[in-house]
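Okay, so here's the structure we're looking at.
The values are calculated or read from the model by the stated rules, or taken from the named source; none is laboratory data. Because the structure is predicted, anything quoted here is derived from the model rather than measured. Note that each Cβ is placed from the backbone with ideal geometry, even for glycine, and that neighbours are counted across all protein chains shown. The accessibility values were calculated without ligands, DNA or RNA, using every heavy atom of the protein model including side chains. Shrake-Rupley method; radii C 1.70, N 1.55, O 1.52, S 1.80 Å.
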Amino acid sequence: MEFTVVANLDNRKNADLLVLPFWQVNGSVKGVTAYGKLESYTKTPLETSDFKGKEGEVLYLYVDGKHEKRIVMLGLGDSLKLNVERLRRSFSSLTKSCQAKKIKNINVATPLIPTLSEEDVVRAISEGILLSNYAFTRYKTDKKENLPVLLEKVTLIQAAKQALGIAEKYQTICEGVYLARDLVNGNADDITPQFLSGVATGLAKEFKSIKTTIFNKKRLEKEKMGLLLAVNQGSRDEPALIILDYIGNPKSKDKTVIVGKGVTFDTGGLNLKGTGGMETMKCDMGGAATCLGTIYVAAKLKLKTNLTVVIPSTENSISAECYKPGDVYTSYSGKTVEIGNTDAEGRLILADALAYVVKNLKPTRIIDFATLTGAIEIALGNETSGLMSNDDALADSLIRAGSDTFERVWRLPLYEEYRDQLKSDVADIRNIGGRPAGSITAAIFLQEFVGNTPWAHFDIAGTAFLNDARRYHPKHGTGIGVRLMIDFLQNLG
Ligand code: BES
Ligand code: ZN
Ligand code: ZN
């Protein structure tokens, strides 16, 4: 999709549609700015109250216009309540309506909103449009006319010159979100550890600022990554540890390391998942997808920060060779782990990755993203990701980035008493802690492997994959976490 900017309504080019935003002020509905002669078209829907200006309301007027044959009156809701998120939602609603009508090229009268900065207005409009302007069609062979039609051109009218730069910046961020969504939505049999490795080497080819290192099975055996290897035992495909380095600030020693769970399909292993629990498990590399989307954006925007991505990746499969409940395996850190349940595999592969990062990569902070527990979906549903951290300042910055991007997070405690639930009689620790506080005990397990490094863990099991589309999130992969991380990285230091 392409953005352009023109100075005023008179300068606009022909398009399929002109969008005029309206809002509710003191009980009456008004254009956000004056629309001159065009108000002769919008007068009657206002007089009859057929158009109420509600958030996301879309009313089509068919006109004999010089530049467009259609006008949309777009509702932004109550002027006093208007904020970035509400604006995003209104433009998302507009975008979905355009797609249904196969409209490709639109002119938008940019609303100037006194309570919001110009950056915020353009950000909200571009994100609202771009996050909704996505379709996953890789496996559709249907005739072209049955494929979804997406917006191709958006012209922002009456926006300042910087608007184009702002819109393009958020377009890059949304490209990272699309990359994450595509990876989650791809077949588990396509998106293997080797495929993810290929994405990483592809990024290193695309951006000089990214370097990629990949550990194959032989190297992982040499490094003694016993937990990643254990989870991989039942798989056809080899595991991989994928490392990408982005150096955006060579003078600084500060380095954020993000770690993403890359389980390309989670059958549960010998503690096999049942029908209803397994069908969506191609999403179990959602954390890895978030990390790849994030480093893509960081490199393309040339963020002045250092970022490393670490992805432990394998399938959690089932065969005669697979790892066994009740057995004890030795982690990269040397700690031994009793397997209480082979379906708690994410924390195992993350433990080896985290310990590797702490020992070898001199991280300033570690942030991991993982579709780790079904329990987080029970606690927070699909609206909010779980956040757990050993560092209050880091947690606070991430919570702020979450509310800024509306990728909201809620922090859960890591009180040391929870550690008792992971006691093992035969090993140093056990990989399950029973049903109570399932998301917390999973994080307590991870914490054993980060030492004193400031660390935060996002449990995105409820937010990385949706069974139904909502607002600007499409059905299935959402790409959650990319926008949050970019916001966080931009505000570092
Ligand atoms: N990949 C799952 C968690 C998950 C559940 C992700 C739903 C996305 C949607 C994870 O590996 C898992 O199976 N966790 C178990 C842990 C239990 C055995 C302690 C769970 O949540 O049931
Ligand atoms: Zn599992
Ligand atoms: Zn899993």
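Data table
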quantity	calculated
Qualifying positions in segment 7-33 - aliphatic (A, V, I, L, M) and at pLDDT below 95	ALA7, LEU9
Members of segment 211-234 that are surrounded by fewer than 22 Cβ atoms within 10 Å (Cβ to Cβ) and of a type in the set (S, T, N, Q)	THR212, THR213, ASN216, GLN233
Conditions (1) more than 23 Å from the chain's Cα centre (by Cα); (2) surrounded by fewer than 23 Cβ atoms within 10 Å (Cβ to Cβ); (3) acidic (Asp, Glu); (4) within 16 Å of ligand 3 (Cβ to nearest atom); number of the one not met by GLU377	(1)
For ILE157: the one exception among (1) farther than 25 Å from ARG483 by Cα; (2) open to solvent by 10 Å² or more (accessible area, probe 1.4 Å)	(2)
Positions within segment 460-478 being surrounded by fewer than 24 Cβ atoms within 10 Å (Cβ to Cβ), touching a strand residue (DSSP E or B) at 6+ places or on another chain (Cβ under 7 Å) and not hydrophobic (A, V, I, L, M, F, W, C), in sequence order	HIS473, LYS475, HIS476
Wholly within segment 1-107, strands (runs of 3 or more DSSP E) carrying at least 2 residues that are open to solvent by 40 Å² or more (accessible area, probe 1.4 Å)	2-6, 28-31, 58-62, 70-78
Hits in segment 394-417 (condition: aliphatic (A, V, I, L, M) and in contact (Cβ under 8 Å) with a residue 24 or more places away in the chain)	LEU394, ALA395, LEU398, ALA401, VAL409, LEU412, LEU414
Residue match in segment 196-210 (condition: buried (at least 19 other Cβ atoms within 10 Å of the Cβ), aromatic (Phe, Trp, Tyr) and either modelled with pLDDT of 95 or more or not assigned by TED's automatic domain parsing to the domain that holds VAL337 (or both))	no
Residue in segment 232-242 that is assigned by TED's automatic domain parsing to the domain that holds LEU484, part of a helix (DSSP H, G or I) and out of contact with any strand residue (DSSP E or B) (no Cβ under 8 Å at 6 or more places or on another chain) present	no
Meets criteria (within 16 Å of ligand 2 (Cβ to nearest atom) and out of contact with any Cys (no Cβ under 6 Å at 6 or more places or on another chain)) for LEU394	no
Test set (1) without any contact (Cβ under 8 Å) to a residue 40 or more places away in the chain; (2) within 16 Å of ligand 3 (Cβ to nearest atom); (3) open to solvent by 20 Å² or more (accessible area, probe 1.4 Å) - THR441 fails condition number	(3)
Residues within segment 116-141 that are in contact with a His (Cβ under 9 Å, 6 or more places away or on another chain) and either free of Cβ contacts under 8 Å to residues at least 24 places away in the same chain or assigned to a loop (DSSP other than H, G, I, E, B) (or both), tallied	1
Output for segment 249-286, where each listed residue is among the polar types (S, T, N, Q) and over 24 Å from the mean Cα position of the chain (by Cα)	ASN249, SER252, ASN271, THR275
Subset tally (residues that are closer than 24 Å to ILE429 by Cβ and either in contact with a His (Cβ under 7 Å, 6 or more places away or on another chain) or away from ligand 1 (no atom under 15 Å from the Cβ) (or both)) for segment 294-320	2
Any chance LEU484 is of a type outside the set (S, T, N, Q), farther than 25 Å from ARG181 by Cβ and open to solvent by less than 10 Å² (accessible area, probe 1.4 Å)	no
Counted residues, segment 165-192 - those being part of a loop (DSSP other than H, G, I, E, B) and surrounded by fewer than 17 Cβ atoms within 10 Å (Cβ to Cβ)	3
Filtered residues of segment 247-275 (kept if away from ligand 1 (no atom under 16 Å from the Cβ) and open to solvent by 10 Å² or more (accessible area, probe 1.4 Å))	ILE247, GLY248, ASN249, PRO250, LYS251, SER252, LYS253, ASP254, LYS255
Residues being more than 19 Å from ASP266 (Cα to Cα) and either open to solvent by 40 Å² or more (accessible area, probe 1.4 Å) or without any contact (Cβ under 8 Å) to a residue 24 or more places away in the chain (or both) - total across segment 327-347	6
Residue match in segment 276-284 (condition: away from ligand 1 (no atom under 13 Å from the Cβ), at pLDDT 95 or above and either in contact with a helix residue (DSSP H, G or I) (Cβ under 6 Å, 6 or more places away or on another chain) or not in a strand (DSSP E or B) (or both))	no
In segment 382-418, the residues that are surrounded by 15 or more Cβ atoms within 10 Å (Cβ to Cβ) and either over 26 Å from MET485 (Cβ atoms) or outside the structural domain of TYR472 (by TED's automatic domain parsing) (or both)	TYR418
Restricting segment 285-322 to residues that are of a type in the set (Gly, Ala, Ser) and assigned to a loop (DSSP other than H, G, I, E, B), the residue that is surrounded by the most Cβ atoms within 10 Å (Cβ to Cβ)	SER317
Selection within segment 419-436 - buried (at least 19 other Cβ atoms within 10 Å of the Cβ) and free of Cβ contacts under 8 Å to residues at least 40 places away in the same chain	LEU422, GLY433
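Yes/no matrix, rows are residues, columns are (1) within 16 Å of ligand 3 (Cβ to nearest atom); (2) under 20 Å from the mean Cα position of the chain (by Cα):
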residue	(1), (2)
PRO312	yes, yes
THR342	yes, no
LEU348	yes, no
LEU372	yes, yes
THR384	no, yes
